[in-house]
Ligand SMILES: [Zn+2]
């Protein structure tokens, strides 16, 4: 049996910070003039068997561990880092579960165990259908249509961030511009008509910078104290839920803050409903059935591990705050690869 070293592919650009596995696979395959499908099906040794069962557009979800181990062998990238390039790698920080059928318990545990604008428990309980935080459940794969930074997209070495397919961020934490539909951005680049970078409203940019800090360090620095990434994501989702609840269902004293947030935004009620729908809020599909039902006990946060991802600067000399939707990275090949086809030599 060959050693792990002998399995190493000669050309293997390292993942960009925050990059999605699918994006990295495309950048791995490109120097060999292979498609991602060919890379998975014929170049991972025994792991190609399970890899062949994974739809290409689903590799970012929860790929079999054999695939990640084979990629680690062939690229020298740690398996734990590869895991964090998938949605499953971010459980339990991003979500308590990836099973949408566990709603409504998952909804209440994630969204209603805390409160931001309302009194604790005032949001009541909802009858919730299939649901996941930050992820659509009505389409396969369960990823939102990707949105990317038009500035970052001009550098192919950045790849596409895992967050591009999550309903989590609206702006690039580096350039401060709004994320745009990836298809439009790519077409614009091909046609030589780059998509203009639209500045994000400062409140949006500020929240996204905090979210990105959490995704890259595991901690979000708030004015009073730092909080765990898992707490931050739940508070964000709680806030979205609270401003999406009809104020007619709230106590008179509680209604003004959610109402004021929409008034300040200058958006009409239709925009409020659209925003609620975009983030999976169930205001139109759920009915408050009881204000006295006790939600299930929350998971013990003290038991949450910290994300295993640590700043790459400590491990590989790369500078860290470099999301694929962020600033330029030095994590590129030292020399430009010369494409040449190979279908089995790297096995
Ligand atoms: Zn950017």
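So the values come out like this:
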read-out	value
Using distinct alpha-carbon pairs, which all enter the 1/r mean, Kirkwood radius of the stretch 100-290 in Å	18.0
Hydrodynamic radius of the stretch 5-86 per Kirkwood, over alpha carbon pairs, in Å	12.4
Where labels lie 7 Å past Cα in the beta-carbon direction, separation of residue 186 and residue 49 in nm	3.3
Fully extended contour minus Cα-Cα distance, from residue 253 to residue 139, at 0.36 nm per residue	37.1 nm
Normalised alpha carbon radius of gyration of the stretch 166-248 [divisor 2.2 N^0.38 Å]	1.33
Length gained when the stretch residue 221-residue 116 is fully extended (0.36 nm per residue, less Cα-Cα span)	36.1 nm
Mean shadow area of the stretch 99-183 over all directions, Cα convex hull, nm²	7.2
Computed over the stretch 93-176: relative contact order in percent, which uses C-alpha pairs under 8 Å that are six or more apart	25
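Quick note: the coordinates plus some simple rules give every number you see, no bench work behind them. This one's a predicted model, so the numbers in the text were calculated from it and none came from an experiment. Neighbour counts are summed over all protein chains in view; Cβ atoms, including those assigned to glycine, are modelled from backbone coordinates with ideal geometry.
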